[in-house]
1. What's the number of the condition ARG250 fails, among (1) modelled with pLDDT of 90 or more; (2) exposed (fewer than 14 other Cβ atoms within 10 Å of the Cβ)?
2. Is it the case that VAL60 is over 17 Å from ALA281 (Cα atoms), assigned to a helix (DSSP H, G or I) and not polar (S, T, N, Q)?
3. Go through region 48-61 and report how many residues are out of contact with any helix residue (DSSP H, G or I) (no Cβ under 7 Å at 6 or more places or on another chain) and crowded, with 17+ Cβ neighbours inside 10 Å.
4. What is the number of the single condition among (1) exposed (fewer than 14 other Cβ atoms within 10 Å of the Cβ); (2) closer than 25 Å to GLN256 by Cβ that ASP128 does not meet?
5. Please specify each residue of region 57-67 satisfying the condition of being closer than 12 Å to VAL14 by Cα and either among the β-branched types (Val, Ile, Thr) or free of Cβ contacts under 8 Å to residues at least 12 places away in the same chain (or both).
6. Just checking, does region 197-219 include any residue being of a type in the set (Lys, Arg), modelled with pLDDT under 90 and not in a helix (DSSP H, G or I)?
7. Go through region 4-28 and report how many residues are over 17 Å from LEU56 (Cα atoms), touching a strand residue (DSSP E or B) at 6+ places or on another chain (Cβ under 8 Å) and buried (at least 20 other Cβ atoms within 10 Å of the Cβ).
Amino acid sequence: MGVELARRIDAEIVSLDSMAVYRGMDIGTAKPTPEERGGVPHHLLDVVDPNEQYSLAQYVEAAHRVIGEIRSRNREVLFVGGTPLYLKALLRGIFEGPPADWEFRRAVESELEQVGQQALYDRLAQVDPLSADKLHPNDTKRIIRALEVFKLTGEPISHLQEQFETARPADECRVFVLQWSRAELHRRIEQRVDEMFERGLIDEARGVVERYGELSRTACQALGYREVLEYVDGGGDMAETIEQVKVRTRQFARRQLTWFRGLSECHDVPVESETDSPSDASEIAERIVAMADCS
């Protein structure tokens, strides 16, 4: 659908996927093939090796550079993908903050195993109640980052990234979120995961590790790879591994929807069709063009 929309508005596509930046991780991230790109230029795919860290700040910097390059060619810029944190940063700006303190993070992760998630959340509530109020108690990654920033700067991250929480009205933005029914979303997840394994996800995961070694902390967050590599290393039942990937993908999809609901800049686009035919993509693209008034 993104390619169809790009053609209609004479745009180049910029990936908004935090995992598609990694080279060699193609099947598991559903990276579009050259054929699927349909001759439309795509950017911010295959940016770094999977044994390298890649931060939100790096993405935002690269995205703004690419935006300038595309506009210099008098073409539109179309972001396509599903990483809400990246979208929020592009819309509102970010506080880059100090670099990661991996020794501190390892210590907190070790502490987490001893005292549990709630104790970690309570610790954040003591030093940064505003951040604690906005984060889910199980959002370990962002709780640790908030504690890290407080340790390194002496200030709550909520005071340092106020612009990140400054919402903009949807009428000022052209951000469109496809809204599938829950049943259809689950059907698509089931189909996508089955196709990933049929296309060779296991061999791809093996090959990535053989070529690049251990995945970076950011790359190993990609859905499917951790489960597959655990299966490769320890054996087990293939059907159980596939089901585990499906379950975690459904959980991830729910978190994504929660993120998008929290972004005032978004326009919802209900999608009822149960197929991925060219005619469906064309119809959805036409609706978005009309909503954006950019035809």
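The values are calculated or read from the model by the stated rules, or taken from the named source; none is laboratory data. Just so we're clear, the structure is a prediction, and the values are computed from it rather than from any experiment. Cβ atoms come from the backbone with ideal geometry, glycine included; neighbour counts cover every protein chain shown.
1. Tallying (1) modelled with pLDDT of 90 or more; (2) exposed (fewer than 14 other Cβ atoms within 10 Å of the Cβ), ARG250 fails exactly one: (2).
2. Yes.
3. Looking only at that region, the number is 1.
4. All conditions are met except number (1).
5. Passing the criteria: VAL60, HIS64, ARG65, VAL66, ILE67.
6. Checking region 197-219: at least one residue is of a type in the set (Lys, Arg), modelled with pLDDT under 90 and not in a helix (DSSP H, G or I).
7. Looking only at that region, the number is 4.
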